[in-house]
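**Q** After the structure tokens below, expect a handful of questions from me.
The values are calculated or read from the model by the stated rules, or taken from the named source; none is laboratory data. Computed from a predicted model, the values in this text were never measured in an experiment. Using ideal geometry, Cβ is built from the backbone for each residue, glycine included, and neighbour counts are taken over all protein chains shown. The area values use the complete protein model at the heavy-atom level, side chains included, leaving out ligands, DNA and RNA. Shrake-Rupley method; radii C 1.70, N 1.55, O 1.52, S 1.80 Å.
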Protein chains: 4
Amino acid sequence: MVRACVMTAPDEPVEVRQLPEPTLEPGGVVLRTIYSEVCGTDVHLWHGRLAGVPYPIIPGHVSVGRVEATGGEVRDADGQVLVAGDTVTFLDVHENCYSCWYCLVAKASTRCPKRRVYGITYSASEGLLGGWSEKIYLKPGVRIIRLPPTLGPETFISGGCGLPTAFHAVERATIRLGDTVVVQGTGPVGLCACVFARLSGALNVIAIGAPRLRLDMALEMGADHAISIEDAPASRRVQIVHDLTSGRGADVVIEATGVPAAVAEGLEMVRDAGVYSVAGQYTDAGDVTLNPHRAINKKHVDIRGTWGTDFSHLYRAVQMLNKYRERFPWTEMISRYYGLEQANEALRDVEAGRVVKAVVRPGAG
Amino acid sequence: MVRACVMTAPDEPVEVRQLPEPTLEPGGVVLRTIYSEVCGTDVHLWHGRLAGVPYPIIPGHVSVGRVEATGGEVRDADGQVLVAGDTVTFLDVHENCYSCWYCLVAKASTRCPKRRVYGITYSASEGLLGGWSEKIYLKPGVRIIRLPPTLGPETFISGGCGLPTAFHAVERATIRLGDTVVVQGTGPVGLCACVFARLSGALNVIAIGAPRLRLDMALEMGADHAISIEDAPASRRVQIVHDLTSGRGADVVIEATGVPAAVAEGLEMVRDAGVYSVAGQYTDAGDVTLNPHRAINKKHVDIRGTWGTDFSHLYRAVQMLNKYRERFPWTEMISRYYGLEQANEALRDVEAGRVVKAVVRPGAG
Amino acid sequence: MVRACVMTAPDEPVEVRQLPEPTLEPGGVVLRTIYSEVCGTDVHLWHGRLAGVPYPIIPGHVSVGRVEATGGEVRDADGQVLVAGDTVTFLDVHENCYSCWYCLVAKASTRCPKRRVYGITYSASEGLLGGWSEKIYLKPGVRIIRLPPTLGPETFISGGCGLPTAFHAVERATIRLGDTVVVQGTGPVGLCACVFARLSGALNVIAIGAPRLRLDMALEMGADHAISIEDAPASRRVQIVHDLTSGRGADVVIEATGVPAAVAEGLEMVRDAGVYSVAGQYTDAGDVTLNPHRAINKKHVDIRGTWGTDFSHLYRAVQMLNKYRERFPWTEMISRYYGLEQANEALRDVEAGRVVKAVVRPGAG
Amino acid sequence: MVRACVMTAPDEPVEVRQLPEPTLEPGGVVLRTIYSEVCGTDVHLWHGRLAGVPYPIIPGHVSVGRVEATGGEVRDADGQVLVAGDTVTFLDVHENCYSCWYCLVAKASTRCPKRRVYGITYSASEGLLGGWSEKIYLKPGVRIIRLPPTLGPETFISGGCGLPTAFHAVERATIRLGDTVVVQGTGPVGLCACVFARLSGALNVIAIGAPRLRLDMALEMGADHAISIEDAPASRRVQIVHDLTSGRGADVVIEATGVPAAVAEGLEMVRDAGVYSVAGQYTDAGDVTLNPHRAINKKHVDIRGTWGTDFSHLYRAVQMLNKYRERFPWTEMISRYYGLEQANEALRDVEAGRVVKAVVRPGAG
């Protein structure tokens, strides 16, 4: 039997259960989980804020583990055969159909209606398909990435799901060499966005968030300036951004807050003809009021919603993470490790913002 | 002396005045006005809804006229020398500085703070710098386009300022061959957007507007479907668009209404990962409430504000207009011609939506 | 048994053979072939000019047929269930892996090393996987498009493989509304490129090719000008293009000739900072000599190679074809129909340029 | 009188002459030259390899100087008033017309036929319009950039004209976060391209050039790998690039060599569906032979010629240079300083590749 956390229903305590060992199909892989994580999305799932979640589920979408067994020859995305003992991660999104209109005509693979997500849209009755579990079963066709030997699993999980999410948000932002970039939000996605914005050629990166702990972290993770939402009200924050940009506003603003009001604020921070990449509104947290004349039309702005991630984001994020594993203090983002039994505590800590990154270590027993 | 309409102040009647003949500088051109127009912007100017207008002004931004005199050798944008009798139009935007950060670094020339606009941001005290006048003075450096011999001035003015505005909105929309395009609004900009969307490779063009007269016009101007806002409430309109697009929504939506609520409606009409080009919010007509989770983030949408026009839009629009002058019934958009004395009546007719296109004919005296 | 043409080896006569009926798998479809075609690529295959072809093969990559049987419920790309009697076409490219670096990271699906092509890279020993056959077997997962009821199979096959190829070349060319476009080559790809360039917003389309028959056809298929390579040498052709473009050259040039020297000529035809889309060099027909200073660097040109097609190109091409089925005389491109026994004659006719489009009608037998 | 170098005619020795003091017009600026440079283009000018050069000229296109006098109030590009003593550089390109088809319709400002270049296309008879002179006269409208106080003139001139040229080449290359980038050439442009590729998010940068001195420099300037053209023939260099990229080739290749054969080699180094930015073929050094099937069509490659620079490139390059002035050993690129009398020696040193960067110091007497 395998010990795993099960989120049985919205607003119910997560339970640790004994679940059956996975049945290995040809092309499948059994992982022994090293780390998974608790992110803001898990808190939203806990409160039932995302439509279409088939409770009970095993949470944990981005994880890292050690290959225990493979169903015959299984290869990673670079075509290398996986062997027992390899340290790997995998794209949480699976079952993209590549046969629907969205996949084939629009080429908007993150909007494929068939896609499912480990730790979110798989039911616990379907198997060990979430990371808060001693083992994870990778179904045939799951896209696997072997971590480079130089890249420890702690480093990887410290970025966690923030890595591909921020990577995608930064890709959508099309930062140009010399741009000033504002990052709204200093959670894991925002901190990773600071790094990737910096690495994409930003001249200046301005992080906006709270608390002080995370702002200090942002300054270590690529930000040149950090503005506290605790110290400065929205109008003042907008003013500071303008002061830092010769009065024009930032070339690019990346939203990673999850707070609807941030969208109106971000549009005041972006310069005319700039780009606003909106990545943080992953769940429905309410409405925002905008003036379309001033905020959109006259501003000649590009606003780009960013939904989900695809394999390229995770793949490239891992490569960049490995390259710059020493330039940024990645693992300092990890505030605390939690055993499976501590899952409810971890959820509460994330919800309260008491931690930057909460890591689940199922093997800690 | 030259007879010209002067808008003296917001909400005051437009007056016909006798103004001095222009003084021709080297590089300047005096035009005898053939036609100018009354567009929705003029109504907004009349009500003082645009900031920074130096009343009194001579309204009329897009016009067509005959060259009466040139200050030495003056060339059009193709490098041809202009001679008396040539029928020309010109870019209403002038004095782009090409030396500021917006012009040179951002290359966002429509956001240059130095740019001024004939008929809008020039004061009547500065000269005959608006089209509701028997003559127009083109200052040195104004970008002039000679109409091709095959293109009559009626055909040009029937599109009028809708031509470059719609051209720019369509350019920002990056329509791909085979896209379904919704155009919100069936005023001159919307109707021109239907034409340019059709000519850009749209598979289907769906026009949404009122009254019936304009919707019928839209069907002649490139639209395949016309939805009346008088017959169908917003939710029904959204449903019709989804029904016409296999339930997905349109690949591209172009906003040309000036009504804030249209922005929320348009975002419900665009498909996931589609494009929304917002061109109609030229003046501040209030706010709109959006749900950033559903309308932006999860939709993975691109929203693109479109401000102003540059020379390329007018130049290419005139070329396409000339090419397709017989395919579309351009001049049927002209509902009525007005003499200078009838300017107030024209403004009221445009405001009430009693006309599609109101043309000012100063020579009609 | 099923009668089918088999190309046994390079430069050997094509033979008509009796092959076994296909075995229908779940998800597979048996088509009764209505039409297939003989295109320039088939001539190249006949002469062994493409690497990696597993002779013997059944040629015919783009075809149209009637559904005879399906292996259970099979759906087209729009999700509709296929039933016997439906008239369908399909993407000749199959087995894209969507798991390799090219598919997932580069998102360059036409460069996936796993992809295979009906009529080209499937061996006759693998089944009825080419169109010069009374029946075609669509393996599970083949992307199928049902022709709209308004679109006859003759109209579809008149465009044939030229439709998606030209669509892709035009997509790569990023034509802007008002551009002047040169199309080099007046074979089926070139003619379809004229149509799609026209529909993409070209102001002027200039076709260059031979013989007169095809040039006349080009003028019916969207070209405004036709330049004969029989009447004018290369330098003269370049001069004509410059004369038609105020001395600047065309904004966009699309190569659809297969002749290496055309690439040097096309680069002289494109204006500075223009776009050159190279689609016709599908097989190795030799080298070309360029001056990189004049032809690339100083010209500030974008040269874009276009390899293969994906589903979006075929899907959208069919939709546009159906929309504009009456504007252009599509079926006049069909010079002659051939039965299976006449395959060698068809190949010789295509090679000699005696026909615009050679259609194979297996049922004519 | 002002001492200045004059290149009187192709292949004649450069002479030091006494020229008249500049006459300051309103809006003009007189600079006392701190540094100018000798680049590969100057060698080409010396040998008459560029068309349209109005000998005699004062060479030196990119320079840095101290403001001696201004003709009234003159502002830099950020709108700040210049005062005597300010250390500034300026865009060597001047007189872009912003009224021709290339400027206004194509928005390809580097192809404006009116543009002129300090040190290249201005004659010595027109004034002190080149940097190899004790003073430089900035005509009214020249785009001026004040160096930030933290950025010394040595640091600026060590990049020199390589800064905007490489910046533009890298911009055209559209490097994506995680790309592998090959830079062909390790002269000043190539070395700056290594820096800007690194700063744009390249995962790996591979420099190819010679001699060892420059390759070592490349490894300091952002390259991860350096391949010597002295040690490895072209086929071997291509092989090494493939070995470093899982056999695929580089995502992006940037050409900065000036050698025609490098274009064929670069196309073998770029992966399928990659990008090749060609910036080094600034003068006509002969032809290259390509196979358009393999090198363009089947490769599905984007080849982008890069001509000249505009203000945005210099402006942003200076900002990035200042930001990263300490990360890279910029001034180590300067091999030697030359007085005006040593100009011929400097030209010979550059031609022979004996120096990385040759700096002219007119004040050194």
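**Q** For B:G71, which inter-copy label distances result when the label point lies 7 Å beyond Cα on the Cα-to-Cβ vector, reported in nm to one decimal and in ascending order?
**A** 1.9, 7.9, 8.1
**Q** Another question, then. Can you give the net charge of the other residues whose Cβ lies under 12 Å from the Cβ of A:W132, counting K and R as +1 and D and E as -1? Don't skip to the answer; put the middle values down first.
**A** Values: positive: A:R3, A:R17, A:K135, A:R361; negative: A:E15, A:E37, A:D42, A:E134, A:E341.
Around A:W132, the surrounding residues sum to -1.
**Q** Treat every Asp and Glu Cβ in the range B:53-210 as -1 and every Lys and Arg Cβ as +1, leave all other atoms uncharged, and give the resulting dipole magnitude about the Cα centre to the nearest 20 debye.
**A** Numbers: 14 positive and 12 negative charges, 95 e Å.
So the magnitude is around 460 debye.
**Q** Follow-up. So what are the ³J(HN,Hα) numbers for the range C:293-308, from phi and the Karplus equation (6.51, -1.76, 1.60; θ = phi - 60°), rounded to whole Hz, Gly and Pro as x?
**A** 5, 6, 8, 10, 5, 5, 6, 6, 8, 9, 10, 10, x, 10, 10, x
**Q** Just the number: Rg to Rh for the range C:300-353, Cα atoms, Kirkwood Rh, two decimals.
**A** The Rg/Rh ratio comes out at 1.12.
**Q** Amide H of D:A77 versus every other amide H placed in the peptide plane: which residues, excluding those fewer than 5 positions away on the same chain, fall under 5 Å?
**A** D:I144, D:R146
**Q** Just for the Cα atoms in the range B:208-315, what are the lengths along the principal axes, largest first, rounded to whole Å?
**A** 36, 35, 26
**Q** I'd like the carbon and sulfur percentage of the solvent accessible area for the range D:259-299, probe radius 1.4 Å, heavy atoms only, ligands and nucleic acids excluded. If you can, show how the numbers build up before the last one.
**A** Values: 540 of 1130 Å².
Answer for the range D:259-299 is 48 percent, counting heavy atoms of protein chains only.
**Q** Normalised by the empirical 2.2 N^0.38 Å for globular proteins, what value does the Cα Rg of the range D:1-141 take? Before the final figure, lay out each step's value.
**A** Working: Rg = 15.2 Å, N = 141, 2.2 N^0.38 = 14.4 Å.
Its radius of gyration relative to the 2.2 N^0.38 Å reference: 1.06.
**Q** Could you order the peptides A:353-362, D:291-300, D:322-331 from most to least packed, using the average number of other C-beta atoms within 10 Å per residue? Intermediate results must be reported in sequence, preceding the final value.
**A** Numbers: A:353-362: 21.5, D:291-300: 23.2, D:322-331: 16.5.
My ranking of the peptides, most packed first, is D:291-300, A:353-362, D:322-331.
**Q** Among B:11-18, A:157-164, A:51-58, what's the highest-first ranking by average C-beta atoms within 10 angstrom per residue? It would help to have the intermediate numbers written out before the result.
**A** Numbers: B:11-18: 14.2, A:157-164: 28.0, A:51-58: 16.4.
Ranked by mean Cβ neighbours within 10 Å, highest first: A:157-164, A:51-58, B:11-18.
**Q** Please build a GNM for chain C, connecting alpha carbons under 10 Å apart, and tell me which residue among C:A106, C:A218, C:A261 fluctuates the most.
**A** Residue with maximal mean-square fluctuation among C:A106, C:A218, C:A261: C:A106.
**Q** Only bridges whose two residues both fall in chain C count here: according to DSSP, what percent of them are antiparallel, nearest 5? Present the calculation step by step, with values, prior to reporting the outcome.
**A** Numbers: 29 of 55 bridges.
If we restrict to bridges inside chain C, about 55 percent are antiparallel.
**Q** Taking beta carbons within 10 Å but only from partner chains, what does the mean come to for residues B:70-81? All intermediate terms of the calculation are to be shown ahead of the outcome.
**A** Working: counts 0, 0, 0, 0, 0, 2, 1, 6, 4, 6, 1, 0.
Neighbouring Cβ atoms belonging to other protein chains average 2 per residue here.
**Q** Using θ = phi - 60° and the Karplus relation 6.51 cos²θ - 1.76 cosθ + 1.60, list the HN-Hα couplings for the range C:89-103 in order, rounded to whole Hz, with x at every Gly or Pro.
**A** 10, 7, 6, 5, 7, 9, 6, 3, 7, 6, 9, 8, 4, 5, 5
**Q** What net charge is computed for the residues neighbouring B:R248, neighbours being all others with C-beta under 9 Å from the C-beta of B:R248, Lys and Arg scored +1, Asp and Glu -1?
**A** -1
**Q** A further question follows. Taking the solvent-accessible surface of protein heavy atoms with a 1.4 Å probe, what is the per residue accessible area of the protein assembly as shown in Å²? Before the final figure, lay out the partial values.
**A** Details: 46940 Å² over 1460 residues.
Ligands and nucleic acids excluded, the figure is 32 Å² per residue.
**Q** For D:L213, which inter-copy label distances result when the label point lies 7 Å beyond Cα on the Cα-to-Cβ vector, reported in nm to one decimal and in ascending order?
**A** 5.5, 6.7, 8.0
**Q** Using each residue's phi in the range C:75-80, evaluate 6.51 cos²θ - 1.76 cosθ + 1.60 at θ = phi - 60° and report the 3J(HN,Hα) Karplus result to the nearest Hz, with x for Gly and Pro.
**A** 10, 7, 5, 8, x, 7
**Q** Let me ask something additional. Identify, for chain B, the residue whose C-beta comes nearest the rotation axis onto chain D, and round that distance to whole Å.
**A** Per the B/D rotation axis, the closest residue of B reads B:Y98, 2.
**Q** Taking all protein chains as present, what is the carbon and sulfur share of the accessible area of the range B:61-137, in % to the nearest whole number, probe 1.4 Å? Mind showing how you got there, number by number?
**A** Numbers: 1150 of 2490 Å².
Percent of accessible area from carbon and sulfur atoms in the range B:61-137: 46.
**Q** Viscosity 0.692 mPa s, temperature 37 °C: Stokes-Einstein D of chain A from its Kirkwood Cα radius, in µm² per second? Mind dumping the intermediate values first?
**A** Details: Rh = 20.8 Å.
D, rounded to a whole number, is 158 µm²/s.
**Q** Here's something else I'd like to know. Using only helices, what value at 222 nm comes out for the protein assembly as shown when you add -39,500 (n - 2.57) per DSSP H run of length 4 or more and divide by the total residues, to the nearest 500 deg cm²/dmol? Present the calculation step by step, with values, prior to reporting the outcome.
**A** On the way: 40 runs with 371 residues, N = 1460.
It comes out at -7500 deg cm²/dmol, rounded to the nearest 500.
**Q** Separate question: How many angstrom lie between the C-alpha centres of the range D:98-128 and the range B:35-106?
**A** Centre-to-centre distance over Cα atoms comes out at 25 Å.
**Q** May I pose another question? Show the residues, 5+ positions off or on another chain, whose built amide H is closer than 5 Å to the amide H of A:I227.
**A** Under 5 Å from the amide H of A:I227 lie the amide H atoms of A:A207, A:I208, A:G209, each far enough along the sequence or on another chain.
**Q** In addition: Show the residues, 5+ positions off or on another chain, whose built amide H is closer than 5 Å to the amide H of D:V2.
**A** Correct list: D:L19, D:E21.
**Q** Here is a follow-up. Report the label-to-label distance for D:D231 and B:R327 in nanometres (one decimal), using points 7 Å from each Cα along the Cα→Cβ vector.
**A** Once both label points are built, they end up 6.1 nm from each other.
**Q** Quick one: in the range A:155-219, what % of C-alpha pairs are over 15 Å apart?
**A** Working: 931 of 2080 pairs.
Distances greater than 15 Å cover 45 percent of the Cα pairs.
**Q** Averaged across the residues of D:319-327, what count of C-beta atoms belonging to other chains lies within 10 Å of each residue's C-beta?
**A** Taking the mean over all residues of the peptide, I get 2.
**Q** Between C:M221, C:M269, C:M320, find the one with the highest GNM mean-square fluctuation for chain C; connect C-alpha pairs within less than 10 Å.
**A** Greatest mean-square fluctuation among the candidates belongs to C:M320.
**Q** Can you give me the pair-distance distribution of the range B:106-242, C-alpha pairs, 5 Å bins, whole percents?
**A** Reading upward from the zero bin: 2, 9, 15, 17, 16, 14, 12, 9, 5, 2, 0.
**Q** Could you state the number of Å between the C-alpha centres of the range C:171-238 and the range B:162-218?
**A** Result: 27 Å between the Cα centres.
**Q** A:A193: net charge of surrounding residues, Cβ under 15 Å, Lys/Arg +1, Asp/Glu -1, itself excluded?
**A** 0
**Q** One decimal, nm, shortest first: give the distances between the label point of B:Y324 and those of the same position in the other copies, each label point 7 Å from Cα along Cα→Cβ.
**A** Those label-point separations list as 1.1, 4.6, 4.6 nm.
**Q** How many Å² of accessible surface get buried when C and A come together, counting both sides, probe radius 1.4 Å, rounded to the nearest 100?
**A** Values: alone 15340 and 15290 Å², together 29240 Å².
So the buried area, both faces added, is about 1400 Å².
**Q** Cα extents of the protein assembly as shown along the three principal axes, largest first, in whole Å?
**A** Principal extents (largest minus smallest coordinate, Cα): 88, 67, 65 Å.
**Q** Summarise the partner chain shielding of A:193-203 as one whole number: the mean count of Cβ atoms from other chains within 10 Å of each residue's Cβ. It would help to have the intermediate numbers written out before the result.
**A** Details: counts 0, 0, 0, 3, 2, 2, 8, 6, 11, 3, 7.
That works out to 4 on average.
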